[in-house]
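First the structure, in the form of structure tokens, and then the observations on it.
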Amino acid sequence: MAADPKILELSNGRITARIASWGATITSLFVPDAQGNVADVVLGFDDLDPYMKGMSPYFGCIVGRVANRIKNGKFTLNGFEYSLPVNNGPNSLHGGLKGFDKVVWDVVEHKDGQCPSITFQYHSSDGEEGYPGDVTIRATYSLPEATTLRLHMEATPENKATPISLAQHTYWNLAGHASGDILNHSIQIWGKHITPLDENTIPTGEIMPVHSTPFDFTTEHTIGERINDVPGGYDHNYVLDCGDKKNGLKHAAKLRDPSSLRTLDLWTDAPGMQFYTANYVNDISGKGGAVYNKHAGVCLETQGFPNAINQPNFPSVVVEPGEKYKHTMLFEFSA
């Protein structure tokens, strides 16, 4: 059995992350600006109580077994139909009622030194939240360079084929978590297409060009510039199809705060990225007495495509026993 959840620290003198074994959750991340002023750039809570009481809208956690939405909470695999808990309108979202964000992960390694790291592990049982087969998941957060955070996730099915698609659900505000909305942040997204949604926020199966739409961030725009042209705000999966590559990872996005000039470059090997502008955050009491409201942060969740298990033309998220799911994200900060 996993021990009681705790918050661990990862620091290299330039950036400091606090990461909880509850949900493998980033609760704080302190990053300098050009003048060396440090701010906590992620939304969250001061202690673990609100996370454990279900008050968090997925702040900072790893979500799974399957991130994002599965239509009607159903899928068929190898002739069996599986039913999952429905927790988001008619859909199953982020692994169900008790996804990987709502469990205690084991801390299997905590290293200091040149490249500090923390490795978490979780064993997901056959039938857990309706999913087939036993799966062992490992997530390693590390600080490989002065102002870089890396997350590497692996998952190994033991006895049955299963869909696996993990995502890191941090809400970013590069001006500091308590500084209001992110509508004046600018973003560039290296995706020329999105997967448009039906009335229940499930992809239709279409791959739609973003050119000449409010979804076109192939060149840098402020988030707020066209957000009112998108009913409800951005909550869409981008096809990461045009980024430069570096060490096997694609450039997914560049987020920039004009006040502090803090910049986040995100690199990944995932096929998609959910761009979500905290549309449903409302009057949440966060760290240090901050109150988070709509658009208080932005999520850049690299992932398999939503509902891919039911969409034959989307990249497959099925992992067979003997295979290994791998997913890496690199968060590079500069100012």
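Between LYS245 and SER334, the modelled labels are 2.2 nm apart [label points 7 Å from Cα along Cα→Cβ]. Taking the Kirkwood radius as Rh and the Cα radius of gyration as Rg, the range 254-302 has a ratio of Rg/Rh equal to 1.04.
Largest GNM mean-square fluctuation among GLY89, GLY133, GLY176, using the chain with Cα springs under 10 Å: GLY89. In the full protein context, the range 211-293 carries 42 Å² of accessible surface per residue, based on a 1.4 Å probe and ignoring ligands, DNA and RNA. May I ask for log10 I(q)/I(0) of the range 82-229 at q = 0.16 Å⁻¹, from a Debye sum over the Cα atoms as equal point scatterers with solvent left out? The computed values of log10 I(q)/I(0) come out as -1.21. One decimal place: the segment ASP47-GLU145 gains 32.5 nm when fully extended, by the rule 0.36 nm per residue minus the C-alpha distance. For the range 54-147, the relative contact order works out to 22 percent when only alpha carbon pairs closer than 8 Å and six or more residues apart are counted.
About its Cα centre, the dipole of the range 123-198 is roughly 340 debye, where the only charges are +1 on Lys and Arg Cβ and -1 on Asp and Glu Cβ. Normalised by 2.2 N^0.38 Å, where N is the number of residues, the C-alpha radius of gyration of the chain stands at 0.93.
Evaluate the relative contact order of the chain (contact order divided by residue number), counting alpha-carbon pairs under 8 angstrom at least 6 apart; express in whole percent. Normalised by residue count, the contact order of the chain is 19 percent. Across the protein chains, with a 1.4 Å probe defining accessible surface, the residues ASP244, ASP112 rank ASP112, ASP244 from largest area downward. Within the listed set THR170, THR16, THR25, the residue fluctuating most in the Gaussian network model of the chain (springs between alpha-carbon atoms under 10 angstrom) is THR16. Please give the FRET efficiency for LYS160 paired with ASN37, using the beta carbon to beta carbon distance and R0 = 45 Å, rounded to the nearest 0.05. Calculated transfer efficiency: 0.35.
Ignoring ligands, DNA and RNA, please state the percent of accessible area on the range 259-301 from carbon and sulfur, probe 1.4 Å. Working shown, then result.
Numbers: 670 of 1370 Å².
So the carbon and sulfur contribution to the accessible surface is 49 percent.
What residues of the range 139-175 lie in the reach of a label at ALA3, counting those whose backbone N is under 20 Å from a point 7 Å from the Cα along Cα→Cβ? Under 20 Å, as judged by backbone N against the label point of ALA3, lie 139-142 of the range 139-175. Computed from backbone phi with θ = phi - 60° and the Karplus coefficients 6.51, -1.76 and 1.60, the 3J(HN,Hα) list for the range 114-123 is 4, 10, x, 8, 10, 10, 10, 9, 9, 9 Hz; x is used for glycine and proline. Using a simple spin-label model with pseudo-atoms 7 Å out from Cα toward Cβ, ILE227 and SER316 lie 3.9 nm apart.
Got the relative contact order for the range 247-335 handy, in percent, Cα pairs under 8 Å and 6 or more residues apart?
Computed value for the range 247-335: 33 percent relative contact order.
At 7 Å along Cα-to-Cβ for each site, give me the label-to-label distance between LYS111 and THR219 in nm. The modelled label-to-label distance comes out at 4.4 nm. In the range 1-77, the portion of solvent-accessible area held by carbon and sulfur atoms comes to 47 percent [1.4 Å probe, whole percent, DNA, RNA and ligands not counted]. With a Förster radius of 22 Å applied to the C-beta separation of MET208 and LYS294, the computed FRET efficiency comes to 0.30. Rolling a 1.4 Å probe over the protein chains gives GLU81 an accessible area of about 120 Å². Rounded to the nearest 20, the size of the Cβ-charge dipole of the range 196-312 about its Cα centre is 480 debye, with Lys and Arg at +1 and Asp and Glu at -1.
The values are calculated or read from the model by the stated rules, or taken from the named source; none is laboratory data. As the structure is a prediction and not an experimental result, all values here were calculated from the model. Using ideal geometry, Cβ is built from the backbone for each residue, glycine included, and neighbour counts are taken over all protein chains shown. These accessible areas exclude ligands, DNA and RNA; they are computed on the full protein's heavy atoms, side chains included. Shrake-Rupley method; radii C 1.70, N 1.55, O 1.52, S 1.80 Å.
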